[in-house]
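Have a look at the structure below, then the notes.
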Amino acid sequence: MSTDPPDDDRSGDDEDRTGAGGFGFGFNLGPGAGDLGDIGFFLQDLTRMLSGAGSSGPWDSAAQLAGSIASKGAPESNVDPVDRMAVEQLARVAELQVQDATGRPLDAPVRLVPLNRSQWARTFLRDEQDLLERIAGSIGQALQAQLGGLEADLGGDPTEAATPFGMSPEALIRQVMGMMGPMLLGMMAGSTAGHLAARALGHYELPIPRPVDEPLSMVLSNVDEFARSWSLPEESIRLWVCLSDVVHHQVLSLPHVRDHLTALLGEYAGGFDHDPEELDRRMRELGIDDLLGSGEPDMAAVQRLAGDPDLLLGAMQSPAQRALMPRIQASVAVIEGYVDVVLDRIGGRLISDYAQVTEALRRRRVEFGPEARFVERIFGLELSQATFDRGAAFVEGLVERAGAEVLQVLWSSAETLPTPAELDAPGLWLARVGVESGDREGDDDLGGIEIPDTLPDDWT
């Protein structure tokens with residue numbers, strides 16, 4: 001049975017959902033766009049948006065933007081009660097199967113709520129508010145540093161360089177700088193949540209911690225549309241998503257795993273480069289350093305930037321962030337690898353067409369366009385096929401060498417999580433944590449593994 005969907009169905013994942021650039025906002029630049037007078041109307045519109053007349057705050061603006069992007073501006077209905085009950089039953093099946101396979105019950109029974117896209121987007125905004133605030137604040141400081149450098153470069157008599165709406169360039173830039181924080185928070189947070197919701201299937205669309213005391217969520221319309229586009233049974237896709245989210249939740253609800261990954265993501269989120277000179281150098285490499293200056297920008301570079309906003313994010317990435325990414329990737333890879341291994345052990349027993357379903361869903365997670373990659377990268381994630389393959393190979397390597405019981409050590413503490421070097425050499429990890437290595441056949445089942453909160457006394 002072929003699992004290739006029609007080309008037009010698959011390409012829809014990558015289309016611009018707002019009509020405003022690759023990440024939900026953008027602008028067109030004509031000849032002479034580098035002159036402040038020529039972009040005056042763009043800045044005027046930006047200033048009006050920043051003034052927020054009648055707005056009740058950046059988070060309300062973010063929620064409105066997220067809902068608009070997620071739903072493509074169309075009204076959405078609530079999930080049908082019959083579908084809601086069906087998904088809740090699948091979630092209970094998934095919980096029991098995962099617990100039986102791993103031997104570790106969750107601290108509280110799984111609750112899973114099917115949502116529409118707008119509801120999922122607002123839930124994500126609430127859950128990740130702290131992290132999104134840090135990201136927006138850090139990127140805002142970087143952009144403010146650039147605008148501050150532009151203000152210093154203008155010099156001269158401010159009355160001689162009035163903008164088309166009666167304000168000197170220096171005054172305009174100061175006003176933009178003063179209001180950039182709330183605008184960026186609303187725009188970045190809303191765009192991030194909206195684009196995620198437009199494509200999300202389950203709760204852990206991104207493998208990052210979510211509140212442990214809140215229900216898991218599923219975007220039922222996305223799940224069912226995906227099933228139809230690949231000509232697969234809706235119930236099979238629903239159950240696979242439930243299983244995946246329950247395993248993710250099992251690992252990400254461990255306090256030391258949550259704390260470890262939250263600390264890494266938080267450090268990355270606050271680390272965008274604020275050095276104007278270094279940013280200028282990188283912008284020159286992109287050919288867009290004169291975008292707000294007096295020269296003529298490289299319009300080909302601007303077009304590349306519009307098509308791949310990750311270029312600008314790369315220019316703002318600091319050396320400290322680049323040093324953090326291998327550690328983030330190691331943590332994410334081992335989580336995703338573990339999820340894949342658990343699903344492969346139990347999925348075939350529960351889903352008759354598990355091979356086709358898994359092929360489709362695992363292809364989906366690495367076949368997104370630039371705006372999706374941008375969303376991942378602002379969190380410091382690199383969810384490429386190589387990331388998933390490295391994690392699965394590491395977990396499989398541990399089980400082959402030391403048996404399924406070794407996974408209780410893997411998840412026992414933050415200190416036993418693999419380093420980037422160990423992720424590619426399971427033997428190094430086994431030696432460090434004191435587990436004897438030997439060639440052993442992995443069981444078809446994970447063998448009722450118990451994942452303790454601390455290392456056993458006899459492990460050294």
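Here, each number is a calculation from the coordinates, and none is a lab measurement. Predicted, not measured: the structure shown is a model, and the values here were computed from it. Cβ sites come from the backbone with ideal geometry, for glycine too, and all protein chains shown count toward neighbours.
Residues whose amide H lies under 5 Å from that of Ser217, counting only those 5 or more places away or on a different chain, are Val113, His203; hydrogens are built 1.01 Å from N in the peptide plane. Scalar couplings 3J(HN,Hα) for region 326-337, obtained by applying the Karplus form with A = 6.51, B = -1.76, C = 1.60 to θ = phi - 60°, are x, 5, 4, 5, 5, 5, 5, 4, 5, 5, 5, x Hz; x denotes Gly and Pro. Local charge for Ala392 was computed over the other residues whose Cβ lies under 14 Å away, with Lys and Arg +1 and Asp and Glu -1, and equals -3. Phi angles across region 420-430 convert, under the Karplus curve 6.51 cos²θ - 1.76 cosθ + 1.60 with θ = phi - 60°, into 3J(HN,Hα) values of x, 5, 5, 4, 9, 8, x, x, 4, 5, 4 Hz, Gly and Pro given as x. The fewest-to-most ranking of Phe374, Phe388 by surrounding Cβ atoms within 10 Å reads Phe388, Phe374. In plain terms, the residue of Trp230, Trp429, Trp59 with the fewest other Cβ atoms within 10 Å comes first and the most crowded comes last, giving Trp59, Trp230, Trp429. Listing Tyr338, Tyr354 from fewest to most neighbouring C-beta atoms within 10 Å gives Tyr354, Tyr338. Proximity of backbone amide H atoms, modeled 1.01 Å from N, is registered between Ser318 and Asp273 at under 5 Å, excluding neighbours fewer than 5 places apart on the same chain. Derived scalar couplings between HN and Hα for region 397-405 equal x, 5, 5, 5, 8, 10, x, 4, 4 Hz in order, rounded to whole Hz, by the Karplus curve 6.51 cos²θ - 1.76 cosθ + 1.60 (θ = phi - 60°), x for Gly and Pro. At 4 °C and 1.567 mPa s, grab the translational diffusion coefficient of region 76-127 from Stokes-Einstein with a Kirkwood Rh over Cα pairs, rounded to a whole number in µm² per second. Answer from the Stokes-Einstein relation: 102 µm²/s.
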